[in-house]
1. Provide an ascending nm list, one decimal, of label-point separations from B:THR169 to the equivalent residue in each further copy; define each label point as 7 Å from Cα along Cα→Cβ.
2. Can you give the FRET efficiency for B:ASP185 and A:GLU199, using 1/(1 + (r/R0)^6), R0 = 56 Å, r = Cβ-Cβ distance, to the nearest 0.05?
3. With the cut-off at 1.5 for a/c, could you classify region A:21-121 from its C-alpha gyration tensor as rounded, prolate or oblate?
4. Modelling each spin label as a point 7 Å along the Cα-to-Cβ direction, I'd like the A:SER71/B:GLN106 distance in nm, to one decimal.
5. How big is the charge dipole of region B:23-207 about its Cα centre, in debye rounded to the nearest 20, if each Lys and Arg gets +1 on its Cβ and each Asp and Glu gets -1 on its Cβ?
6. Any idea of the total accessible area buried by the A-B contact, 1.4 Å probe, rounded to 100 Å²?
7. Can you send over the solvent-accessible area of B:LYS139, 1.4 Å probe, protein chains only, in Å² to the nearest 10?
8. Relative to the other copies, what are the label-point distances for B:PRO107, with labels 7 Å from Cα along the C-beta vector, expressed in nm at one decimal and sorted shortest first?
Protein chains: 2
Amino acid sequence: MQSLVAISLTLILAAAFTGAQKPHPCKSPPLMVGRLSALNPKGHVAAYERFSYDALERRIRVRALVFVDNSTMYEEALLLFREGVLYEIFHQNQTCKRSELKEPFQPIEVPHDAQLLGQLILGSSSAPGSGLLVNSWEKSVPEIKTKFFMTFTEFACIPVSIASHTENTGWTMTSFYDLVIGIEDPDEFIPPPFCEKAEVNHKSAKSLFNFLG
Amino acid sequence: MQSLVAISLTLILAAAFTGAQKPHPCKSPPLMVGRLSALNPKGHVAAYERFSYDALERRIRVRALVFVDNSTMYEEALLLFREGVLYEIFHQNQTCKRSELKEPFQPIEVPHDAQLLGQLILGSSSAPGSGLLVNSWEKSVPEIKTKFFMTFTEFACIPVSIASHTENTGWTMTSFYDLVIGIEDPDEFIPPPFCEKAEVNHKSAKSLFNFLG
């Protein structure tokens, strides 16, 4: 079996180098579930999230453990961009906060005007199953004084990491993992029944969930 | 061919889940060449390195672009741990600085007493060639008040990333890529002829090269 694995890896890599001579910006699959970890050392914030992502209907469900300084919070939210609504969900006491979601939906993708930094292999191409071919991209957004560095897989355009830098907030590093193409449970995108009588929150509740954008 | 790739990926993943029920600390291949990037936001230091690593003879050759605040430096060094000697090499003017290398050689490995945080897939297992199975480990070293978070591939024990945290220096994130098992050019480990009459440097010159350790 080992030789079959070796042959197949060779084929995979051969496909990489013949099929994609120059990497192009790409869109990630529109339906995904997965996990991410995010770290902002300057703000002393770290987060572990499990998310469901539906770019067709423009909605995201997030469950997050957020560490700020020495405190830990569990956060759960449903972002319905088409309706412009964000629900913060508190299962423990069956309550909800409903806020207006003003920013536009930001699909997971390599922006069409991103600059290719290079193609590289995470791990190694010397042994079967020990390497991942990825493309690394950079984009500056002068309006918000932010630089983005993005890494996506060459095959299937799966996000691997996104680092951003602004003068105010410093570096934020987001790593994606355990991504599965498709949605496991579409019910996740429907607000729980107790959200019908949600308390309306007038302040923006975005900041904790912008690691995806 | 696509189906062959799909079958092979299934085999690779099947091997992962049958052959390695519980991941164990592992040693990386003793001979490797590769690249790494390292970022220490608190110290405003970033580095891109190309390294050759020989754990059998305990020697490392490093070529680094180091960014400190707004200045950029090119650094080249040869670390011979067995002899306890570090050469800083300046090709431009054919000179060398020779320093005593006091610290012990630290092989690239998951320490035997590291705690498994979990097994995860960088990218996705949903599409061929889009995922990498890795194990994530943690180790605290109270003597130096440092926590290490390490990610190595399940197959072949290739380093993918090492993050460390100390109160003084904050977070340092090191990412490895383009690793190849083996040494391309053993001559790299022999000091250039002009290093024979190297100026002796009495201060430690280690700090820039400890991303590997």
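1. Computed spacing set for this position: 2.7 nm.
2. The formula returns an efficiency of 0.25 here.
3. It is oblate, given that a/c is not under 1.5 and a/b is not larger than b/c.
4. In this crude label model, A:SER71 to B:GLN106 measures out at 3.5 nm.
5. Details: 18 positive and 23 negative charges, 66 e Å.
Taking the Cα centre of region B:23-207 as origin, the dipole is about 320 debye.
6. On the way: alone 12520 and 12490 Å², together 22150 Å².
Chains A and B together bury approximately 2900 Å².
7. 50
8. Counterpart label points of B:PRO107 in the remaining copies fall at 4.8 nm.
The values are calculated or read from the model by the stated rules, or taken from the named source; none is laboratory data. Please read these numbers as outputs of a predicted model, since none were measured by experiment. Virtual Cβ from ideal backbone geometry, glycine too; neighbours counted across all protein chains shown. Please note that ligands, DNA and RNA were not included when accessible areas were found on the heavy atoms of the full protein model with its side chains. Shrake-Rupley method; radii C 1.70, N 1.55, O 1.52, S 1.80 Å.
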